[in-house]
Every structure is written in structure tokens, then in C-alpha cells.
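> Quick one: structure below, then a few questions.
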Amino acid sequence: MSAPSFEQVYENYYGKVMGYISARIRNRADAEDFCSEVFMKVHRKLEDFDETKASISTWVFTITRNTLIDHFRRNRQMEELDENLSDDTEVDEDLLNQETLSELAGALKQLPQQLRDIIVLRYYDGKPLTEIAQLMGLSYGAVKLRHQNALILLREKMHVGEEE
């Protein structure tokens, strides 16, 4: 299978990348600049893309995430990293693709109520973990740990990352 063209990648992922960046960079002009930077990197590196190592969506979002992390590191805004750019337990874009929404709903129903509540508050309501902790009467650390556990369980239940 041949690598997709840059135009295909741009058309398929611009909106998702812009949404991901906009959720983390509040200034619209800066978010557009970051999005441009991401797609310049994608364009430069597209010939190096190896579909045996990752899907194109994973590859694009890895470039996006790394671009933002580099920015925050340069500007020493580490507090924002904890809340908005989590480690590799972050819900990856495969969980959000249209074809997996029904599978995601089924997996969510299998989670214990408290973990399901954390996921819904975080990703549906867009609440930060600190606010979720207050709402649930738990410590931030407890909510962060349960959030990570919920994501791990969702991945397992959805078999994300496994070959089909």
C-alpha cells in the first residue's frame, strides 16, 4: 500500500488537528500557526512515514503532540502539560473516529460507574481533572490515577492498537 498524498492527509486531518490544538492553545491565531507548523512537518516527513509502525492518524497526532510539547518546554509552561497533554495513556484519536463510536459506547458501559463518570466529565463535558476531583469529592491524585486506569480499561475493551 502506498503512502497517502499530502493533500489527502491535510484534508482528512486538518480539522481534527486544529481541534486538538485549539483545546490546548487559547489564542486562535497561535493555534492556526501551530497547525501550520504541524502540517509543514507532515509535508517534510511524509516520505518517511512507515505504515508498519503506526497508522497515519497516530503518526499525524504524534507530530502534533510533540510540536505542542516542544512549545511548552521552550516557554516553561509546564503546568499546562499536566492537564492538557497527558502521557501515553491519553485517549488516542482511534477512540474518537466515527467507526468506533458505538464500540466506545459499549466499552464505557462496561466500566465501573465512577470511572465512567470521570471519562464523561473529562471528554464529554471538557472538565479539567482538578474540577472533576472537586465535583467527586476526591483528591486530584486519586482522580488522575482513576482517569489513567479508565483509559487503560477502555483500550483493553476496545482492543485499540491490536491488529485485526
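> Going down the table (Lys41/Lys144; Lys53/Lys109; Lys45/Lys144; Lys16/Lys157; Lys45/Lys127), which pairs top 29 Å between alpha carbons?
Pairs exceeding the cut-off: Lys41/Lys144; Lys53/Lys109; Lys45/Lys144; Lys45/Lys127.
> Each residue of the range 131-136 in turn: what ³J(HN,Hα) in whole Hz from Karplus with 6.51, -1.76, 1.60 and θ = phi - 60°, glycine and Pro shown as x?
With the stated coefficients, the range 131-136 comes to 5, 4, 4, 5, 4, 8 Hz.
> Sticking with this one: Mind listing which GluC sites (Glu not before Pro) in the range 34-77 are in a DSSP loop and have 14 or fewer other Cβ atoms within 10 Å?
Those that pass, being in a loop and sparsely packed, are Glu51.
Just so you know, all these numbers are worked out from the coordinates, no wet-lab data involved. Quantities reported herein were computed from a predicted structural model and do not represent experimental measurements. As a convention, Cβ positions derive from the backbone with ideal geometry for all residues, glycine included, and neighbour counts pool all protein chains shown.
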